[in-house]
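Just so it is clear, none of the values below were taken in a lab; they were calculated from the coordinates. Note that this is a predicted model, so its numbers are computed, not measured. Using ideal geometry, Cβ is built from the backbone for each residue, glycine included, and neighbour counts are taken over all protein chains shown.
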Amino acid sequence: MMKMNNIKQIHEFGQSIWLDFLDRKLIRSGELKKLIEEDGLRGMTSNPAIFEKAISGSADYDEQIWEVAEKHQNNEAIFYELAVTDIREAADLFGPVFAASQDGYVSLEVSPHLARDSSRTIRQATELWRKVDRKNVMIKIPATAEGLSAIRRAICEGINVNITLLFGLDRYEAVTDAYLSGLEDRLADGHPIDQIASVASFFLSRIDVLVDQMLETKGHLELKGEVAIACAKQAYQIYKQVFGSERFKKLQEKGARPQRVLWASTGTKDPSFADTKYVDALIGPETVNTVPPETLEAYRDHGHPESRLEQDADLAAQTLARLKKIGINIDEVTAQLENEGIEKFNKPYDQLLQAIEEKKARSPLKSYAL
């Protein structure tokens, strides 16, 4: 008997696997369609770093850059024309998944330079949502303090939101409150809430990268590689409390869906860890894991699907308590990671705009420069 595909098997435990990667070649070559059919891939996420690699690293976008530049648009406007084209095409490929389930979403991020600006974030999120014009798209808004009001407003406006750059448990609770408040606002305005979807993307491997350095300095190697998964397991307990609450049940009666937790940054960065570490450990119902292509391939080859997210929940709490005892403040860690995360997206975003500028200069059309 043929062994079932490891990635498809994860779905039997209630978790959806999304791909943390996007480029035009993948979409147009038939490869994405194949992943959807053969691996049961159920969604896709993008970010500025992913688009920077796609646009800078190939000639696939050059012709559209030259055409769009004819409209005298700035480089950011050109970028979003390219991105919207890709996002629409990917969303259409996921159309059958979306029609058959509560999955099939493709995510597009607002400019990382807006991470500390609520009003401009909501303005751009609304603009991108209208431009993409697909029900199975999510607009990514960062989980900064300033992002919270933008998340609430976007949900109220009926925009699907993928909350990104989420590291801390307290901030996660604030994100769930922004989601529920947005749904309540929308109901109060007399609009339906049964078509709105949202995920809260918890970034994991970066937590271990930073905390493990601190553990080494303090000589507590027994906790190495344990903290991100402990945080994720604690986040899932918060998820269950919030979406099992009376407050949510009232919204659920009107058709509201839970805001699923999404595990992001799940490619292993420490070569001493298993390459499937952040997938195997966090399989559980009503969750999403967005994985880079190399992790998807590794999991297909040698993953071990089993529902583990609620195993050792007490141990997860103990791990975080021990961290505090040895003098590592997880709130300070997550605040640092948020700041670094914004910067890690700002840099490739600026490089991306520069690459567009350079490609414009090689345009055979050139009339836009006159």
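Output the peptides 195-204, 251-260, 327-336 sorted from most to least packed, where packing is the average of other Cβ atoms within 10 Å over each peptide's residues.
Ranked by mean Cβ neighbours within 10 Å, highest first: 195-204, 251-260, 327-336.
According to the square roots a ≥ b ≥ c of the eigenvalues of the Cα gyration tensor, what is the shape class of the chain, taking rounded for a/c under 1.5, prolate for a/b larger than b/c otherwise, and oblate for the remainder? It would help to have the intermediate numbers written out before the result.
On the way: a/c = 1.44, a/b = 1.33, b/c = 1.08.
Judged from the Cα gyration tensor, the chain comes out rounded (a/c under 1.5).
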ask   = From the phi of every residue in the range 22-33, what ³J(HN,Hα) in whole Hz does the Karplus formula 6.51 cos²θ - 1.76 cosθ + 1.60 yield, where θ is phi - 60° and glycine or proline is x?
value = 7, 8, 5, 4, 4, 5, 8, 7, x, 5, 5, 4
remark   = Checked against the positive end of the charge dipole of the chain (+1 on Cβ of Lys and Arg, -1 on Cβ of Asp and Glu, about the Cα centre), the farthest of Ala321, Thr217, Leu148 is Leu148
message = So for each of 307-313, 164-170, 223-229 I average, over its residues, the number of other beta carbons within 10 Å; can you give me the resulting order with the highest mean first?
response = 164-170, 223-229, 307-313
note = Of all trypsin sites (Lys or Arg not before Pro) in the range 7-101, the ones in DSSP coil with at most 16 other Cβ atoms within 10 Å are Lys71
query = Of Gly341, Met138, Gln351, which is farthest on the positive side of the dipole of the chain, counting Cα position, with +1 on Lys and Arg Cβ, -1 on Asp and Glu Cβ, and the Cα centre as origin?
reply = Met138
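Given a cut-off of 19 Å, name the pairs among Lys53/Lys131; Lys8/Lys34; Lys71/Lys360; Lys140/Lys254 whose C-alpha atoms lie farther apart than that in the structure shown.
Lys53/Lys131; Lys140/Lys254, as the Cα separations exceed 19 Å there.
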ask   = What chymotrypsin sites (Phe, Trp or Tyr not before Pro) in the range 1-110 are in a loop by DSSP, with at most 15 other Cβ atoms within 10 Å of the Cβ?
value = Phe13
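Test of understanding: ordering Thr176, Thr45, Thr217 by Cβ neighbours within 10 Å, fewest first, what list do you get? Mind showing how you got there, number by number?
Details: Thr176 24, Thr45 27, Thr217 9.
By the 10 Å Cβ count, ascending, the order reads Thr217, Thr176, Thr45.
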ask   = Assigning unit charges at the beta carbon (Lys, Arg +1; Asp, Glu -1) and nothing else, what dipole magnitude in debye, to the nearest 20, does the chain show about its Cα centre?
value = 500 debye
